[in-house]
Amino acid sequence: MSSARDIRILSVRNGFFTPWDNGIPMQRTPQRGVSLRAIFIGLLCCATLSLGESYGVLVVRGSAMAADYSTGAALVLFFLLTLVLNPLARLLTGSRLDSRELATVYIMMIVAAAIPSWGFVMNLIPFLGGLFYYATPENDWSHSIHPYVADWLVTQDRTAIWKLFEGAARGETVPWILWLKPLQAWFFFIISIYFATLCVLVMLRKQWMENERLLFPLATLPLELGRQESGMWLPPLLRNYLTWVGFAVPFVVYAINGLHSYFSFFPFIQLNTYVRFLRDSIGLNLRPRFEVIGLSYLLSLDVSLGVWLFAFLAILHSGVEQLLGWSIGPGQPYSMPATPSVAHMAQGAMFFLVCASIWSARRHLIDVVWSAMGWGRPLGDREEIMSYRTAVFGFLLASLFAVVWLSKTGLGYGSALFYYLLCIVTFIGLARIVSQAGLAYGVSPVAPPVFTVTVLGPGALGPGGLTALGMNFPWSADLRTFVMASAATGLKIAEVTRLETRRLFVAIALAILVTLVSSTWIIVTLSYTYGGINLGGWGFGGLTQLTGNWIAHNILNPEGVYGWHLVYTGIGGALMAALTYLKARFVGFPIHPIGLALGYTYPISQIWFSVFIAWLLKAVILRYGGAKGYRLLRPFFLGMVLGAFGAAGLWLVIDAWGGNTNWFTL
């Protein structure tokens, strides 16, 4: 039973399609879903999400709700909108948001969720002064790094930097004029990156959604929540008792643990289980995560098997290497706990995945380019958020701006182009994984700045290039979430609900701008109020220090090309090619190779066991209950997702008043 069929069933039930007698769906006349009120409510939700995520992570030190492609904050707000606010609006005014307007609001929120925390802003703000604040005589950053930091990337006022990290005097306002120049530079750049990736998404959308029919499992839950039936106050999902049974499982567990933090006589339910083996050289994290189990139930069995099996094999690989004391080099930022060999094998698999995806789309992409140039038969692009001409030329212009911008930070033009294209390939790969596999957690096996150093070598890049790569860590290294992948899920929802795509692009653009501004305002304000070093998260501490040490190490220890790393990258690509051939050649091959491209990064180390649980439960259900059993129990697992994120959101509010800290998400 696949999520693609689930989505097709939902589209018919919602009235978005009317099936003919031969089963071919016929589109009804699209209704206006991207209405002004939907955009207005969406922007309010984006601002709420931005402010809440920043305050919750930094001040409350609670659960991160917008750190991954699961977009927990968006799901919680959408859950409240469909459960409480929309029925209340109908009761008081006789009118409510329809399914298409709800879809518009949700799409705006999931795009916004990719920006305020690990996606960009919470990583960026500490970088505007962190390399200066943490400079000491011992690390000698003042000589090894500071001369190569472009003066327009950071504020030049040292007092402003110290107040950002240590707090300003009571009643003192933020001197925004001192931060305006670097913020403008970064905003113009990141907007060009967002626009370029949206252009790529427009060029690939038809291939992924109509030709290859990727599953987009992450679209299932919001479509269920947005489903409306005449005369009913709530969507069918929220009227199903199994939804609330599933909701209660994580909600009760987290409630007991949350109460324990305030009242010691409440028991604590220990979920963390860590098993070490191979002479303590490696360990297994066996913590069940309810939201991961619920979302992974939507995955096809071959995908979920591939995810947990390759993660387990990566654990064994890393353990054997550590047991033998053999390695091709030290651990690399954002690739750990995987060893460099495991990380680069996964990176090679990612490259093959992207190359194979582009190769399979080659005819469509050629037609898109020819249509944009006016050379061939015009392609219909009315269902795209922008015309193909805008997408092609917009991508070229945005890319040109981004490469020039990167070159001004200290990279050579060739290095800047290589790094930029590597980032685009990474974004496509992660968006493909999220769209095809529905996996809501994961990062690039090797961060693009790190792989750039692997290929070109520190010596060739020089101190200026290495510093520039380090300064670009906030948007290209810790890729736990990014706009392109969330927008891909959003476009699938838009396709099912028949939204007016050109108006949707405006809504998405406004959501990005509002979230950038609101998250920047709240994070800088909180930093001046409490002092960045007193806040939660790791941006003001670990992130800037890790990056500074990485830059300094490469500057002081220049090497050539990392040959062994590239060898393992090639091995990973070859393995991915072989597994892809087996999957395509033999019907029923049980393992999907997409798991190989995920590596064994921190998110995968935390979720692989939960994916295993979901795989096992789904296999048993399909074995003994068939497709009917799968459909019957699906509300239970969707309820688990809502219960996990709902409880995390509730305890964020409680802890904001109570003063304790409870962390329930990844």
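Expressed as a whole percent, the accessible area of the chain that falls on carbon and sulfur atoms is 66 (1.4 Å probe).
Kirkwood hydrodynamic radius of the stretch 81-135, from the reciprocal of the average inverse Cα-Cα distance over all distinct pairs: 14.2 Å. In terms of overall dimensions, the stretch 614-653 has a Cα radius of gyration and Dmax of 13.4, 42 angstrom. Taking Arg90, Arg623, Arg158, Arg170 and ordering them by how much accessible surface each has at a 1.4 Å probe, largest first, produces Arg170, Arg623, Arg158, Arg90. The residues Thr544, Thr529, sorted by heavy-atom accessible surface at 1.4 Å with ligands and nucleic acids left out, run Thr529, Thr544 from largest to smallest. Highest-first packing order for the peptide set 638-651, 491-504, 248-261 is 638-651, 491-504, 248-261, based on the mean count of other beta carbon atoms within 10 Å.
Size of the stretch 169-244: Rg and Dmax of its alpha carbons, in Å, are 22.5, 60.
Compactness of the stretch 420-508, taken as the C-alpha radius of gyration over 2.2 N^0.38 Å, stands at 1.35. Per-residue packing, averaged as other Cβ atoms within 10 Å, sorts the ranges 183-190, 332-339 into the order 332-339, 183-190, beginning with the highest.
The orientation-averaged projected area of the convex hull spanned by the Cα atoms of the stretch 330-419 comes to 8.6 nm². Taking all protein chains together, Glu166, Glu138 sort by accessible area into Glu138, Glu166, largest first [probe 1.4 Å]. All other residues whose Cβ lies under 10 angstrom from that of Ala488 are scored, Lys and Arg at +1 and Asp and Glu at -1, for a net of +3.
In this Cβ point-charge picture (+1 for Lys and Arg, -1 for Asp and Glu), the chain has a dipole of about 1800 debye about its Cα centre. Projecting the Cα atoms of Asn549, Thr48, Gly246 onto the charge dipole of the chain, computed from C-beta unit charges around the Cα centre, puts Gly246 farthest toward the positive end. Only one residue of Gln270, Leu575, Ile621 has its Cα farthest out toward the positive end of the dipole of the chain, where Lys and Arg carry +1 and Asp and Glu -1 on Cβ, and that residue is Ile621.
Which value at 222 nm does the chain reach when only helices count, each DSSP H run of 4 or more adding -39,500 (n - 2.57), with the total divided by all residues and rounded to the nearest 500 deg cm²/dmol?
Calculated mean residue ellipticity at 222 nm is -21000 deg cm²/dmol.
Relative contact order for the chain: 32 percent, from Cα pairs under 8 Å spaced at least 6 residues apart, divided by residue count. Convex hull of alpha carbon positions in the stretch 497-571: directionally averaged projected area 10.7 nm². Here volume of the Cα convex hull per residue in Å³ was computed from the coordinates, and among [x] 176; [y] 238; [z] 162 the match is [x].
If you count, for each residue, the other Cβ atoms within 10 Å and average over each peptide, how do 125-134, 560-569 line up from highest to lowest?
Ranked by mean Cβ neighbours within 10 Å, highest first: 125-134, 560-569.
The values are calculated or read from the model by the stated rules, or taken from the named source; none is laboratory data. Fair warning: this is a prediction, and the values are worked out from it, not measured in the lab. FYI the Cβ positions are ideal-geometry reconstructions off the backbone, even for glycines, and counts take in every protein chain you see. Surface areas here come from the heavy atoms of the whole protein model, side chains and all, with no ligands, DNA or RNA. Shrake-Rupley method; radii C 1.70, N 1.55, O 1.52, S 1.80 Å.
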